[in-house]
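Read the structure below first, then the notes.
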Amino acid sequence: MADFKETFKKINELRFGKLIQYADPQNQSYTYDDETKRHIRSDTPTAVCHECKGDSVNKSSDGEFSLQIVSHGIHSLDLFKIQKFNDYSDYRDDAVMLVMESPASNLDACYKEEINGKHPAKVWWWADGKSTDDHKSTDERTTYPYGFSSKKYGEFFNSFVHTFKLKNAYMTNLVKCGMLKDSDHNKYGNLDEFPDKCISMCFKEFFLKEVEILKPKVIFTLSSKVNNYLNKKRVLKSIEEKLGAEPYIVTLPHPARCRQGFTNEFYRTLWYCRTLEGMINAGIISDKEEQHKYWDKYVEDYKNWKEDKNENRI
């Protein structure tokens, strides 16, 4: 098994040496940005990926959307650094991937100045930082079901990592650039708006390399569109070549869906059940006694969470 810290270094070279380029890809120094209310790197990027050139690759078929922002994934060690959490010796080495579609319309979280025609992420992506009026902090560790709320992906990743004690988890987008509407930057294009060439190029240049570096035992998709794409025969074959084994892919409910997201009690339960089942089937949680403890813990924690919610309503 590869050393997870070496894996982290290689992921940094890909994220911050090729996708969003910094003078020192391994820099792990953060500052807190008052404007975005989030953590940002202490240095600034010098360039971003511009593999997608020409309207056939960087514009939607109707010409209304174009690639305008670029983001990166987040690793467990990124989260631990922000949380000043150093005692993770009992956390699992097993690699796990979480895959979403693409960056949404969050220009406020990006540099205002364009680099190679795109706005790179200014914040430490998905590690939202200190508490604000509408959501809690990722500076503090949480476990399921706490921290699960619609569209708060940093809280979700925080809870996911600490619930299952994963020091080698990685959440990323299938496509690293966001496609915004030219006439209204608050509207973004979902995966259907992206040209096939754009998706396939990003898959080859970044996603496959993330898989090759991480060697995940399980890939959790948080979108049916991502799941459908990764299960195409030619795509599966490419992933298998990088893994050296048949990929194990599990689809999870998307946290932001109005009726099927984490605001829905049924889907909160479904998320936990599918995730735990995936961890067990992948051999990450293999001890039978520990498996039972996770089920018992779910029942107790969920009961406490509901009681807390009821008390807060009074």
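The peptide list 92-104, 282-294, put in order of mean Cβ contacts within 10 Å with the highest first, becomes 92-104, 282-294. Taking the C-alpha atoms only, the angle from helix 4-14 to the longest principal axis of the chain is near 20 degrees. Entry note, the chain: the mean residue ellipticity at 222 nm calculated from DSSP H runs of n ≥ 4, each adding -39500 (n - 2.57), is -10500 deg cm²/dmol after division by the residues and rounding to the nearest 500. Under 5 Å between amide hydrogens, built in the peptide plane, is the criterion, and for K187 it picks out K181 among residues at least 5 positions away or on other chains. For the pair Y32 and K10, label points projected 7 Å from Cα toward Cβ lie 3.6 nm apart. Put simply, the amide H of V250, placed in the peptide plane, has neighbours under 5 Å in I219, F220, T221, leaving out anything fewer than 5 places away on its chain. Evaluated with a Cβ-only charge set (Lys, Arg +1; Asp, Glu -1), the chain carries a dipole of roughly 480 debye about its Cα centre, given to the nearest 20. Remark on I69: its backbone amide H falls under 5 Å from those of H119, G178, L180, a criterion applied only to residues 5 or more positions apart or on other chains, H modelled at 1.01 Å from N.
Computed 3J(HN,Hα) for segment 99-106, one whole-Hz value per residue from the Karplus formula 6.51 cos²θ - 1.76 cosθ + 1.60 where θ = phi - 60°, is 10, 10, 7, 6, x, 8, 7, 10, glycine and proline marked x. Work out, in µm²/s and without decimals, the Stokes-Einstein translational diffusion coefficient of the chain at 10 °C, 1.306 mPa s, Rh from Kirkwood over C-alpha pairs. Diffusion coefficient, whole number: 79 µm²/s. Take the Cβ atoms of E307 and S224, set R0 to 35 Å, and the FRET efficiency comes out at 0.60.
Here the spin labels are modelled as points 7 Å beyond Cα on the Cα-Cβ line, and at E277 and Y88 they lie 2.8 nm apart.
Principal-axis analysis of the Cα atoms of the chain puts helix 153-163 at an angle of about 40° to the longest axis. Between helix 288-313 and the chain there is an angle of about 80 degrees, using the helix long axis and the longest principal axis of the Cα atoms.
I want the local charge near L208. Using Cβ-Cβ distances under 10 Å, sum +1 for each Lys or Arg and -1 for each Asp or Glu among the other residues. Each step should come with its number before you reach the end.
Working: positive: K204, K209, K242; negative: E205, E210, E212, E241.
Neighbour charge sum, excluding L208 itself: -1.
For the Cα trace of segment 1-124, dividing Rg by the Kirkwood Rh returns an Rg/Rh value of 1.00.
Bear in mind that the values in this text are calculations on the coordinates, not laboratory data. Please read all numbers here as calculations on a predicted model, not as lab measurements. Every residue, glycine among them, receives a Cβ derived from its backbone with ideal geometry; neighbour counts consider all protein chains shown.
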